[in-house]
Amino acid sequence: MRFNGLDLNLLVALDVLLEEKNVSRAAGRLNITQSALSNSLARLRDYFDDEILVLVGRTMQLTPHGEALKDSIRDILVRIEASVIAKPAFDPATSDRLFKISASDFTLATLMPLANKIISTQCNSIRLHFLPQTDNPTRSLERGDVDILIIPSPYSSEEHPSHQLFTEEFVCIADRNNPLCQNDHITLQQFSDAQHVALKLSHGKLSFETMAMEEIAVQRNISTLSYNFSTLPYLVLGTNKIATIHRRLASTIAKKLPVKVFGLPFDFPKMHQVLQWHKYRSNDQGLIWLRGVFQEAAKKLSIQG
């Protein structure tokens, strides 16, 4: 099929080429020969009157026009998939569909066990692929890299629909032998003077609690950084350091490790965890089912407290 002289079959090849920036890898993903893809690239270059991919040293790089095409081509294909290709019917009992979900390790540790239990009662073949959060979660959604985001509300987008799953408080955690544990609470001065274990997200964006600390102008003496939430309690063990983490995660850890949980010595905003999906996929029956699973799991999580 052609549109304004462009063979629309070439869009899929172009999308993969723009992502891989390598003809042989792109051909492998498309399950075609390298020569066939090279022919497609030649046709694309002719249509756009641009090289799209050029050899710089030993690697291929996108031309400025190729970079400009990258997001728009992906958007077109996502819309086609959502509007034309997606099957209207979905039966979790018989489907083997793969769902890609971007979520933090906190969400995996708290919400997902409940969601997995619900899923296991309804189906045997559904597959879930959990992916780490990125510096631009909305773009991951728009590119079709993920089907669903589960993120704090400040990181969600107003361009796409969302649903609040649950709220979460934050607390302070310390080794039981930490001198601060001699009392049932800590003061703001003690909090500020202590050495802290904190989170530094791998993609560079500020974590929710770090962003909130900055907004309320609370200073932390951070001496240790980790890349996921679940490790923070382990990194305070055997030290006089403290960490600020989710209350649900702290409560679970306190049953397994010799740590003590304190309330924060200042008012701290609650985190609103939301589920978000692409606006073009609101009628995707598979995603409607999965969203329902997460919402049911969130209700159970809220009841547990």
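Restricted to segment 254-272, and to residues there that are closer than 20 Å to residue 217 by Cβ and of a type outside the set (A, V, I, L, M, F, W, C), the residue that is farthest from the chain's Cα centre (by Cα) is 265.
Would you confirm whether or not segment 104-114 contains a residue that is part of a loop (DSSP other than H, G, I, E, B), of a type in the set (D, E, K, R) and closer than 25 Å to residue 211 by Cβ? I'd like the intermediate steps shown before the answer.
Looking only at segment 104-114, we keep the residues that are part of a loop (DSSP other than H, G, I, E, B), and these are 104, 111.
Right, trim to of a type in the set (D, E, K, R) and you get none.
No, every residue in segment 104-114 fails to be part of a loop (DSSP other than H, G, I, E, B), of a type in the set (D, E, K, R) and closer than 25 Å to residue 211 by Cβ.
Bear in mind that the values in this text are calculations on the coordinates, not laboratory data. Please read these numbers as outputs of a predicted model, since none were measured by experiment. Every residue, glycine among them, receives a Cβ derived from its backbone with ideal geometry; neighbour counts consider all protein chains shown.
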